[in-house]
Amino acid sequence: MNPPKTPIVIAVLCSDLHISQTAPAFRSSEPDWFAAMRRPFDEMRKLVEEHRVPIIAAGDIFDRWCVHPEIVNWAIAMLPKMCAIPGQHDLPNHRREEIKRSGYWTLVEA
């Protein structure tokens, strides 16, 4: 059987988003950190619309489990809808059983 001539896209995969309120040192020259974080999410939205597929995020949505409400609110407004698996940075003490204490869980509830 011959492979299809056009690749078939079944999902947009991403990981280690590490959304944070401040830029890491190597990105400190960004004039607007929130705009910089938004760029890849805008790209993901375009891919999802073009291919009509889900986004699957494999861990570490946030840089820390206990994030400032401002960044949680920003994530609620900016993140495209996606399926996500929490990473160790998303979990208090890296423990899944404590997930309901996290900013990640606030996204789930939103």
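The values are calculated or read from the model by the stated rules, or taken from the named source; none is laboratory data. Worth saying up front: this structure is predicted, and the values here are computed from it rather than measured. So basically every Cβ, Gly included, is an ideal-geometry build from the backbone, and we count neighbours across all protein chains shown. When the accessible area is computed, the model is the full protein with side chains, heavy atoms only, and any ligands, DNA or RNA have been set aside. Shrake-Rupley method; radii C 1.70, N 1.55, O 1.52, S 1.80 Å.
Any chance you could give the angle, 0 to 90 degrees and rounded to 10, that helix 33-51 forms with the longest Cα principal axis of the chain?
The angle comes out near 30 degrees.
Return the distance in nm (one decimal) between the two label points of a simple spin-label model at residue 23 and residue 51, each offset 7 Å from Cα along Cα→Cβ.
It is 2.9 nm.
How large is the accessible surface per residue of segment 24-110, computed with a 1.4 Å probe and reported in Å² as a whole number? Mind dumping the intermediate values first?
Numbers: 5730 Å² over 87 residues.
Here the residues of segment 24-110 average 66 Å² of exposed surface.
Could you work out the percent of alpha carbon pairs in the chain separated by over 16 Å, rounded to a whole number? Don't skip to the answer; put the middle values down first.
On the way: 3708 of 5995 pairs.
Here the long-distance tail beyond 16 Å is 62 percent of all Cα pairs in the chain.
Roughly how many nanometres apart are two label points built 7 Å out from the Cα toward the Cβ at residue 96 and residue 58?
1.6
With labels modelled as points extended 7 Å from the Cα through the Cβ direction, what inter-label distance (nm, one decimal) is found for residue 73 paired with residue 16?
3.1
Give, as a single signed number, the net charge of other residues whose beta carbon lies under 14 Å from the beta carbon of residue 100, with Lys and Arg counted +1 and Asp and Glu -1.
Numbers: positive: 95, 96, 101; negative: 90, 97, 98, 109.
Net charge around residue 100: -1.
Please report, as a whole percent, how much of the solvent-accessible surface of the chain comes from carbon and sulfur atoms (probe radius 1.4 Å). Intermediate values should be presented prior to the final figure.
Numbers: 4250 of 7680 Å².
Of the solvent-accessible surface of the chain, carbon and sulfur hold 55 percent.
Evaluate the charge dipole of the chain about its Cα centre and quote only its size in Debye, nearest 20, assuming +1 on the Cβ of each Lys and Arg and -1 on the Cβ of each Asp and Glu. Write down the numbers at each step before the final one.
Values: 13 positive and 14 negative charges, 54 e Å.
That gives a dipole near 260 debye.
Could you tally the net charge around residue 15, taking each other residue with its Cβ under 12 Å from the Cβ of residue 15, Lys/Arg +1 and Asp/Glu -1? Working shown, then result.
Values: positive: none; negative: 16, 60, 90.
Local net charge: -3.
Ignoring everything except DSSP H segments at least 4 long, calculate the 222 nm mean residue ellipticity for the chain; use -39,500 (n - 2.57) per segment, divide by total residues, nearest 500. All intermediate terms of the calculation are to be shown ahead of the outcome.
Values: 3 runs with 36 residues, N = 110.
Estimated from H runs of four or more residues: -10000 deg cm²/dmol.
Scanning the chain for trypsin sites (Lys or Arg not before Pro) in DSSP loops with at most 12 other Cβ atoms within 10 Å, what's the longest stretch left with none? Don't jump to the answer; show the numbers that get you there.
On the way: sites that count: 5, 52, 81, 95.
Segment 6-51 is the longest.
To the nearest 10 degrees, how steep is helix 69-78 against the longest Cα principal axis of the chain, on a 0 to 90 scale?
Result, in degrees: 10.
Net charge within 15 Å of residue 110 by Cβ-Cβ distance, Lys/Arg positive one each and Asp/Glu negative one each, not counting residue 110 itself?
Residues near residue 110 contribute -1 overall.
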